[in-house]
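The values are calculated or read from the model by the stated rules, or taken from the named source; none is laboratory data. Everything numeric in this text was worked out from a predicted model, so none of it was measured. Note that we place each Cβ from the backbone using ideal geometry, even for glycine, and neighbour counts take in every protein chain shown. Side chains are part of the model used for accessible areas, which takes the heavy atoms of the whole protein and leaves out ligands, DNA and RNA. Shrake-Rupley method; radii C 1.70, N 1.55, O 1.52, S 1.80 Å.
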Amino acid sequence: YWKINNFFMRRLTYLVLLLIWIPISAQEESWVRSSSLGFRGGLNFANLSIRGDGEYNPTQKPYAGLVYTDYVYNFLAAKFELTYSGQGGKYEYSEKNINAVYSIPYLSLGYVMSFNFLSAMRLDCGGSVDFVLSRDSHIPEQRMIDLTGFMGLELRITEQLSLEGRIKGGFWSVTKANTNEYPFRYDPKNVVYQIGILYYFNPDVWKDKKK
């Protein structure tokens, strides 16, 4: 699993850099300008990256925030997100008599490239800088900031309401400590699966901007 997670994060980094480059190079597309404010919220299935001994299990935490969508091309939009994201995980290692639940609430500042395809679907790829809102006393020398990458899909339900799902991974360990304490000796990182809704205040967000 650890090797798979590292492989995913490397590929995701390359993809995010590519998506930042695309709107700069796509000069042949018709330039459009429109925007919308929206709300996003749902449930995180949060865990720490699995490595070494013990059993890791996800914990369910809410996420909620605002999203500002700026349409730059007919097929492409940029999203700026301000989100509260509850994260953490559960860790059990019976041989060491450890049974702990870690809670790490973040304030997340995100940037997303959103690609329209088909008539009711968007591919979202981006990253965020996440700031810890409160410390967990069970985490030694807790790192108070994380850099993340994520990708997911948005599916239209109505003209203003969408269903969204994402996978999000942290690039940095949740601890700065050089310790033999379990599970932090393995430098665990945040891994989050999100499912929720997105509500746009502008009812024209799904309309073809060329029309």
- Message: Going through GLU81, GLU95, GLU154 one at a time, which residue ends up being of a type in the set (Asp, Glu) and within 27 Å of ARG185 (Cβ to Cβ)?
- Response: GLU95
- Task: Take ILE139 and decide whether it is outside any loop (DSSP other than H, G, I, E, B) and at negative phi.
- Result: no
- Note on the structure: Within region 76-104, of all residues that are out of contact with any Lys or Arg (no Cβ under 9 Å at 6 or more places or on another chain) and of a type in the set (Ser, Thr, Tyr), the one farthest from TYR193 (Cα to Cα) is SER94
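Each row is one residue, and each column tells you yes or no for (1) open to solvent by 50 Å² or more (accessible area, probe 1.4 Å); (2) modelled with pLDDT of 60 or more.
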| site | (1), (2) |
| --- | --- |
| ILE4 | yes, no |
| PHE7 | yes, no |
| LEU19 | no, no |
| GLY38 | no, yes |
| ASN44 | no, yes |
| GLU55 | yes, yes |
| PRO58 | yes, yes |
| LYS79 | no, yes |
- Would you point out the residue of region 105-124, among those that are farther than 25 Å from ASP187 by Cα and not aliphatic (A, V, I, L, M), that is farthest from the chain's Cα centre (by Cα)? SER119
- Assess whether SER49 counts as being surrounded by 14 or more Cβ atoms within 10 Å (Cβ to Cβ) and in contact with a helix residue (DSSP H, G or I) (Cβ under 6 Å, 6 or more places away or on another chain). yes
- Look through ARG122, ARG156, ARG166 and report the one residue that is open to solvent by 10 Å² or more (accessible area, probe 1.4 Å), in contact with a Ser or Thr (Cβ under 6 Å, 6 or more places away or on another chain), in contact (Cβ under 8 Å) with a residue 24 or more places away in the chain and closer than 23 Å to PHE39 by Cβ. ARG156
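Quick grid of which residues meet (1) modelled with pLDDT of 90 or more; (2) among the charged types (D, E, K, R):
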residue	(1), (2)
ALA64	yes, no
PHE75	no, no
MET121	yes, no
HIS138	yes, no
ASP146	yes, yes
PHE150	yes, no
- Task: Return the only residue of SER114, SER103 being more than 17 Å from SER137 (Cα to Cα) and either in contact with a Cys (Cβ under 7 Å, 6 or more places away or on another chain) or among the small types (Gly, Ala, Ser) (or both).
- Result: SER114
- Does region 142-195 hold any residues that are farther than 22 Å from ASP124 by Cα, assigned to a loop (DSSP other than H, G, I, E, B) and not hydrophobic (A, V, I, L, M, F, W, C), and which are they? ARG143, LYS176, ASN178, THR179, ASN180, GLU181, TYR182, PRO183, ASP187, PRO188
- Set THR175, THR83: member being closer than 18 Å to LEU37 by Cα, open to solvent by less than 70 Å² (accessible area, probe 1.4 Å) and modelled with pLDDT of 90 or more: THR83
- If you check TYR111, TYR73, which single one turns out to be open to solvent by less than 50 Å² (accessible area, probe 1.4 Å) and out of contact with any Lys or Arg (no Cβ under 7 Å at 6 or more places or on another chain)? TYR73
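Residues checked against (1) open to solvent by 70 Å² or more (accessible area, probe 1.4 Å); (2) out of contact with any strand residue (DSSP E or B) (no Cβ under 6 Å at 6 or more places or on another chain); (3) over 15 Å from ILE167 (Cα atoms):
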site: SER94; (1), (2), (3): yes, yes, yes
site: SER103; (1), (2), (3): no, no, yes
site: PHE117; (1), (2), (3): yes, yes, yes
site: PHE131; (1), (2), (3): yes, no, yes
site: ARG135; (1), (2), (3): yes, no, yes
